[in-house]
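For reference, the structure discussed in these notes is given below.
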Ligand SMILES: NC(=O)c1ccc[n+]([C@@H]2O[C@H](COP(=O)([O-])OP(=O)(O)OC[C@H]3O[C@@H](n4cnc5c(N)ncnc54)[C@H](O)[C@@H]3O)[C@@H](O)[C@H]2O)c1
């Protein structure tokens, strides 16, 4: 089996950052892309960029941690773009704090978006993939899965996504669906800019400090992750499933 010619891809959290770069990359790979983020209006820039490059995209407002909204987002993409055969679970939030200061809400919101959101979106999208006999799910983990000070909630969620990835790979493999995860290191986006602000550093100083411990000697860019998503989604990666690839400019965080 190969992917259907009219198949669509869904990228969650694709109004900006890594998700936006991934949506653009998948559009240039030939997919019609469902650009899903909290608010439909936020998605306009990504959709226009894809259309300006000659691709097809649809802005969809949905909170991926809400079961009805997640299902509705998948249904809308299927109705308006074609059956989603690719899902990139990229939407994410950080609520960093040391354990003794971390609130239940900080814990729950991170679990809700990363874990519950990826579960709900995957459950809704797998129907279209298994029916077609071809599909790709890519989950965004992080080097923080290995442990990171001030991120008990986030590192737990990102490690959890690795287990989720491996189990879905086992369950869905026989339907022609592969499931993999990407664990980025430091990527310059609004998320890492917010971290710089929280620790009281300018983004430039924060990036420089990060680069100091990155073997390839530069910051990560959203396109570095988009390229890796494109690899997992391509036909050539059909025998690669249940894997986690660290994209961090070196072997570890
Ligand atoms: N930037 C990094 O260094 C880095 C490193 C490792 C992993 N990641 C992961 O990569 C992914 C993207 O990160 P980014 O840096 O582009 O972040 P970002 O904050 O720039 O973008 C995240 C997007 O997700 C959306 N989002 C948040 N909650 C949502 C929800 N409930 N439903 C729908 N959309 C929602 C936001 O509105 C935003 O557009 C995240 O999962 C993040 O944890 C990022």
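Here are a few things to note about the model shown:
Per-residue answers, yes or no, for (1) within 16 Å of the ligand (Cβ to nearest atom); (2) over 14 Å from the mean Cα position of the chain (by Cα):
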{"residue": "6", "(1), (2)": "no, yes"}
{"residue": "14", "(1), (2)": "yes, no"}
{"residue": "20", "(1), (2)": "yes, no"}
{"residue": "69", "(1), (2)": "yes, yes"}
{"residue": "81", "(1), (2)": "no, yes"}
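- Of the helices (runs of 4 or more DSSP H) contained entirely in the range 26-133, those carrying at least 3 residues that are in contact with a strand residue (DSSP E or B) (Cβ under 9 Å, 6 or more places away or on another chain) and either surrounded by fewer than 19 Cβ atoms within 10 Å (Cβ to Cβ) or touching a residue at least 12 places away in the same chain (Cβ under 8 Å) (or both) fall at 44-52, 67-80, 117-132.
- So residue 185, is it touching a residue at least 40 places away in the same chain (Cβ under 8 Å), more than 16 Å from residue 88 (Cβ to Cβ) and within 13 Å of the ligand (Cβ to nearest atom): yes
- Which listed residue is without any contact (Cβ under 8 Å) to a residue 12 or more places away in the chain and either touching a strand residue (DSSP E or B) at 6+ places or on another chain (Cβ under 6 Å) or in a loop (DSSP other than H, G, I, E, B) (or both), from 200, 163: 200
- The number of residues in the range 41-56 that are under 17 Å from residue 90 (Cα atoms) and either away from the ligand (no atom under 11 Å from the Cβ) or not assigned by the TED database to the domain that holds residue 22 (or both) comes to 1.
The values are calculated or read from the model by the stated rules, or taken from the named source; none is laboratory data. In this text, all values refer to a predicted model and were calculated from it rather than measured experimentally. All Cβ positions, glycine included, derive from the backbone under ideal geometry; neighbour counts span all protein chains shown.
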